[in-house]
Amino acid sequence: MTERPLGKWLNLRMGRTPDMQPVSVRELQDWQFASLRQTMFQAVRNCPFYHERLAGVQTGAVHFPADLEKIPFTTADDLRSGPENFLCVSQDEVARAVTLASSGSSGPPKRFFFTAGDLERTIEFFQYGMSSMLGEGETILAILPDSRPGGVGSLFAESISLLGGETVLPVNPSYISTLLNLLLDTHASCILGPAIQIHALARMLESKGIVINHVRSVLLCWDVLPQTSMQTISRVFGCEVFSHWGMTETCLGGGVDCHGGSGMHLREPDFFVEIINPATGKQVPDGHKGEIVISTLSRRAMPLIRYRTGDVGCIMPDECSCGLPLRRLGAVEGRLDGGIVLPGGNRLDLGELNNIILSHKDLLDFTVEYQTEELALSFKLDVLPGAKPSPEIKQLLMSYPKIHQACANHNLKISTRLANQDGTINSGFGKRAITVNPTKAGNL
């Protein structure tokens, strides 16, 4: 008998009695690949893109992970060039369409389509994934966007209502003082949201000397924070810190810790994950980092087969102590195309800058811009009211070996200045990134 909520969810999705012992890893994989073969059959039959892309591929012969290497990849550029060509249902069956702007300075956006059933499966995953963190009658402060029907905030709130809980959705995630007041006023027992907002919330709470004991769990999504920030969040709120990974391509929900720091159990009834070497396209063994590739198993409106996400992560090689057969994703470390190349050839990514800057007790958030022509890195610092750590942060940056080398040998210029000093941060919803060559108004 399983007592784990995700174990009950897995049994239900596989048509089993909820309280049965979980299936074995091999049984789950066999079930997944049967679902994948059916998905590919339907995609070839109904989806213009895959009808052409998979022509001549023996989709019925895909039984094991190694067999996937016979299947061509799907890329973000494929989606941008014709999202409607991925539709497997009529427009009348589309319950929600989401448009994501290009991560570059130009180019067409990606567009995703979901049926009502696709969205219901996401609600179900949220419901079971959150059930160990939130009790009936409790409140969660969920720093999530889009409370419109079908939006992530709305889907999440619906999942919490199924648990008998209440969701508070802040309007603006940048106002940390407002988030703090909401947390205190609602007596929320759980906080969910972008890691940087929760980091800033913990720093502000600590600076005010406020001690609370009603938060029992924190769930971080989107960005990965340095260990010092994770420890600060855990210490200030006095609770376990969980992680979630997901993206629009996974229909928002993707993977969630079953206990703090355990690795994120993947949403395996709904997609299969591979980790590949981004240079060769070959699968890498569990425990090795690479690019995350997903193949959807239950998506009706818009299946994705061997979709290269651009996120970097690894499948954890050991079994989870909870006994579930669901594989676990280790901490997602960022994007393949993230970071910048400094003069001299060293690559610098946002994770490194987080480690340097967010360790300072007065820092809530920061933004960074890189001007390649001027060889200049400029930092804007969002700090606690009254704090002025700009010189200290510049010294920390200048002493970091990669930056020190670029400054000493290649004339890289570093500047830091205070930005928000009123408990507000620059970051909103979504992932933070280093901005490269921002467009100047005089060049428009």
How long are the semi-axes of the equivalent ellipsoid of the chain, taking √(5λ) for every eigenvalue λ of the Cα gyration tensor, in whole Å from largest down? 36, 28, 20
Size of the dipole of the chain about the Cα centre, Lys and Arg at +1 and Asp and Glu at -1 on the beta carbon, nothing else charged, in debye to 20? 640 debye
Please turn the phi angles of the range 302-315 into ³J(HN,Hα) values with the Karplus equation 6.51 cos²θ - 1.76 cosθ + 1.60 (θ = phi - 60°), one per residue in order, whole Hz, x for glycine and proline. 8, x, 10, 10, 6, 7, 7, 6, x, 7, 10, x, 8, 8
Checked against the positive end of the charge dipole of the chain (+1 on Cβ of Lys and Arg, -1 on Cβ of Asp and Glu, about the Cα centre), the farthest of 276, 17, 65 is 276
Just how far, in whole angstrom, is the range 187-231 from the range 320-394 if you go by their alpha carbon centroids? 18 Å
Enumerate the amide H contacts of residue 365 below 5 Å, restricted to partners 5 or more residues apart or on another chain; note that Pro and chain-start residues carry no placed amide H. 382
Which of 224, 159, 193 sits farthest toward the positive end of the charge dipole of the range 129-284, with +1 on the Cβ of Lys and Arg and -1 on the Cβ of Asp and Glu? 224
Is the shape of the range 124-191 best called rounded, prolate or oblate, per the rule: a/c under 1.5 gives rounded, else a/b larger than b/c gives prolate, else oblate, with a ≥ b ≥ c the square roots of the Cα gyration tensor eigenvalues? oblate
With every protein chain in place, the chain: carbon and sulfur % of accessible area (1.4 Å): 50 percent
Which values of log₁₀ I(q)/I(0), to two decimal places, follow from the Debye formula for the range 60-194 at q = 0.09, 0.10, 0.17 Å⁻¹ with a uniform point scatterer at every Cα? -0.41, -0.49, -1.03
If you count the DSSP beta bridges with both ends in the chain, what percent of them are antiparallel, to the nearest 5? 60 percent
Dipole check, the range 309-438, charges on Cβ (K,R +1; D,E -1), about Cα centroid: among 389, 359, 309 the Cα furthest to the positive pole belongs to 389
Does the range 295-444 come out rounded, prolate or oblate, given a ≥ b ≥ c as the square roots of the eigenvalues of its C-alpha gyration tensor, rounded meaning a/c under 1.5 and, failing that, prolate meaning a/b above b/c? prolate
With +1 on each Lys and Arg Cβ and -1 on each Asp and Glu Cβ, and nothing else charged, work out how big the dipole of the range 249-338 is about its Cα centre, in Debye to the nearest 20. 300 debye
Residues whose built amide H sits under 5 Å from the amide H of residue 265, excluding neighbours closer than 5 in sequence, are 256, 257, 258, 329
Percent relative contact order for the range 287-370, counting Cα pairs under 8 Å at least six residues apart, stands at 20 percent
Full extension from residue 77 to residue 402: what is 0.36 nm times the residue separation minus their Cα-Cα distance, to one decimal in nm? 113.8 nm
Expected vector for the range 73-87, Karplus 3J(HN,Hα) from phi with 6.51, -1.76, 1.60 and θ = phi - 60°, integer Hz, x for Gly and Pro, equals 6, 10, 10, 4, 5, 4, 5, 5, 6, x, x, 5, 6, 8, 5
Between residue 212 and residue 411, the FRET efficiency computed from the C-beta separation at R0 = 56 Å comes out, to the nearest 0.05, as 0.70
Treat the range 206-296 as a sphere of radius equal to its Kirkwood radius over Cα pairs and apply Stokes-Einstein at 4 °C in a medium of 1.567 mPa s; give the translational diffusion coefficient in µm²/s, rounded to a whole number. 85 µm²/s
Evaluated at 10 °C with a viscosity of 1.306 mPa s, what Stokes-Einstein diffusion coefficient in µm²/s does the range 118-242 have when Rh comes from the Kirkwood expression over alpha-carbon pairs? 109 µm²/s
Taking a probe of 1.4 Å, how large is the accessible area per residue of the chain, in Å²? 43 Å²
Students often get this wrong, so check it: of 380/402; 289/413; 282/394; 388/413; 402/431; 208/402, which have C-alpha atoms separated by over 30 Å? 289/413; 282/394; 208/402
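The values are calculated or read from the model by the stated rules, or taken from the named source; none is laboratory data. Since the model is a prediction, treat every value here as computed from it, not as a measurement. Every residue, glycine as well, gets a Cβ built from its backbone with ideal geometry; the counts of neighbours run over all protein chains shown. Just the protein is used for accessible areas: all its heavy atoms, side chains included, with ligands, DNA and RNA removed. Shrake-Rupley method; radii C 1.70, N 1.55, O 1.52, S 1.80 Å.
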